[in-house]
1. For segment 164-181, name all the residues that are assigned to a loop (DSSP other than H, G, I, E, B) and closer than 22 Å to residue 134 by Cβ.
2. In segment 124-146, which residues are in contact (Cβ under 8 Å) with a residue 40 or more places away in the chain, outside any helix (DSSP H, G or I) and away from the ligand (no atom under 12 Å from the Cβ)?
3. Run residue 198 past the list (1) under 20 Å from the mean Cα position of the chain (by Cα); (2) within 16 Å of the ligand (Cβ to nearest atom); (3) modelled with pLDDT under 95 and report the number of the one that doesn't hold.
4. Condition check: surrounded by 20 or more Cβ atoms within 10 Å (Cβ to Cβ), within 13 Å of the ligand (Cβ to nearest atom) and not in a helix (DSSP H, G or I). Does residue 149 satisfy that?
5. Taking segment 100-114 on its own, how many of its residues are loosely packed, with under 14 Cβ neighbours inside 10 Å and not in a helix (DSSP H, G or I)?
6. Quickly run through segment 96-121 and pick out the residues that are more than 27 Å from the chain's Cα centre (by Cα) and away from the ligand (no atom under 16 Å from the Cβ).
7. Take the conditions more than 12 Å from the ligand (Cβ to nearest atom) and in a helix (DSSP H, G or I) and apply them to residue 184. Does it pass?
Ligand code: SF4
């Protein structure tokens with residue numbers, strides 16, 4: 001029985017004089033270092049810039065932004081019932097709420113404060129929620145008067161929401177039926193204190 005002959009080994013390709021020898025790096029060492037430095041420096045700069053921006057935002061920009069925001073609250077120009085008359089009086093010449101930087105606006109997209117000043121019925125509840133959701137963050141809510149706070153004299157009526165906090169989160173409650181304009185100004189100043197303490 002004869003043994004088959006082994007296939008001949010493939011012919012070796014001629015060595016390329018440009019390829020590195022065994023044991024030598026494909027790219028000279030100093031070029032690797034240069035390449036690493038070129039890639040490292042932009043990444044390091046970007047990371048450092050992000051870090052500085054984050055620190056600046058947290059320690060410098062954010063407090064200034066909060067200070068400006070809480071001293072220029074823009075309530076929505078929106079009235080529901082008799083408390084709205086007191087709301088309007090607070091912005092008249094006698095009480096002049098604008099001296100605190102509080103300027104009512106007519107679009108929820110320009111407002112950061114919703115003052116609910118009257119009886120809220122279930123029929124209007126979804127409108128109130130829509131207005132609140134259209135306001136940009138950060139935003140706050142004041143329940144002005146007994147009706148907005150807990151339904152007031154109409155609390156047991158089938159059609160009245162027993163407190164606007166069933167619909168939106170309330171930051172400050174103002175008691176009274178109706179509360180006087182001074183009480184509204186006091187509530188606004190209390191809200192400014194809350195915003196400062198919360199760091200919002
Ligand atoms: S709390 Fe009194 S004044 Fe204000 S909306 Fe209700 S009933 Fe009117």
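1. Here is the first cut: in segment 164-181, the ones assigned to a loop (DSSP other than H, G, I, E, B) are 167-171, 175-180.
Selection gives 167, 168, 169, 170, 171.
2. First, pick out the residues of segment 124-146 that are in contact (Cβ under 8 Å) with a residue 40 or more places away in the chain: 124-125, 128, 131, 135, 138, 140, 142, 144-145.
Now restrict to residues that are outside any helix (DSSP H, G or I): 135, 138, 140, 142, 144.
Once the filter is applied, which keeps residues that are in contact (Cβ under 8 Å) with a residue 40 or more places away in the chain, outside any helix (DSSP H, G or I) and away from the ligand (no atom under 12 Å from the Cβ), segment 124-146 yields 135, 138, 140, 142.
3. Every condition holds for residue 198 apart from (2).
4. On the way: surrounded by 20 or more Cβ atoms within 10 Å (Cβ to Cβ): yes; within 13 Å of the ligand (Cβ to nearest atom): yes; not in a helix (DSSP H, G or I): no.
It is false that residue 149 is surrounded by 20 or more Cβ atoms within 10 Å (Cβ to Cβ), within 13 Å of the ligand (Cβ to nearest atom) and not in a helix (DSSP H, G or I).
5. Counting residues in segment 100-114 that are loosely packed, with under 14 Cβ neighbours inside 10 Å and not in a helix (DSSP H, G or I) gives 2.
6. Residue satisfying the conditions is 96 alone.
7. On the way: more than 12 Å from the ligand (Cβ to nearest atom): no; in a helix (DSSP H, G or I): yes.
Answer is no for this residue.
Matching residues to (1) under 27 Å from the mean Cα position of the chain (by Cα); (2) within 13 Å of the ligand (Cβ to nearest atom):
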residue: 65; (1), (2): yes, no
residue: 70; (1), (2): yes, no
residue: 76; (1), (2): yes, no
residue: 81; (1), (2): no, yes
residue: 89; (1), (2): no, yes
residue: 94; (1), (2): no, no
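The values are calculated or read from the model by the stated rules, or taken from the named source; none is laboratory data. Because the structure is a prediction, the values reported are computed rather than measured. Quick reminder, even Gly has a Cβ in these numbers, built from the backbone with ideal geometry, and neighbours come from all protein chains shown.
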